[in-house]
Amino acid sequence: MEEFKMAWIIVIIIIAVVVFGYIALYNGLQTAKVYTEESWSQIDVQLKRRNDLIPNLVETTKGYAKHERETLAKVVELRNQMVQLPNDAHEEKMELSNQLSDSLKSIFALAESYPDLKANQEFAKLMEELSNTENKIAYSRQLFNSSAASFNQKIMTFPSNFVAKAHGLTKVNYLEVPSEEKAAPKVSFE
């Protein structure tokens, strides 16, 4: 009888360890998932901030660069497309964000061509804000990729991979640098 009680206690302890282990693995996965979602939210916040700054920058620049309307129109169009995307369209947002960053570089270059524009305090303030926001977007992208790496590692390693599969958790895609930006810049002193 004593041996029977001892066997039941051992079985109960083993079941408790398995249940608590499962709960710990599940909670770890959910925590990593929340960090990944939160880091995407940081990107979204910075994209919204940039989208809010763009109309002011465009208006300030219009008076100085009348023949650059095509560049300004493209920036406005890309911004409007990004604003209309649903919240869960991460890849599309990053694609438009990359295009928008390229177009904004053209506006930054305008300041070099128009000394009066460069001296305009409102333009300088907007450029600084936009530049800071671009840096924050880059940092937020790095944070997202780190969070995604942590989450992906958890869903791919033993034993949490079984828990992840049981709850339908799948790998999160990293944000990648566009191939144009990976190419080495051409430098010419001519």
Exercise for the section: Mind scanning LYS93/LYS165; LYS105/LYS136; LYS74/LYS136; LYS33/LYS154; LYS48/LYS93; LYS48/LYS125 and naming the pairs with a C-alpha gap bigger than 20 Å? Expected result: LYS93/LYS165; LYS74/LYS136
Practice task
Show the residues, 5+ positions off or on another chain, whose built amide H is closer than 5 Å to the amide H of VAL172.
Solution key: ASN152
Practice task
Return VAL75, VAL58, VAL45 ranked ascending by Cβ neighbour count within 10 Å, so the fewest neighbours appear first.
Solution key: VAL45, VAL58, VAL75
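Coordinate-derived values only; no laboratory data. These figures come from a predicted structure and were not determined experimentally. Cβ: placed from backbone, ideal geometry, glycine included. Neighbour counts: every protein chain shown.
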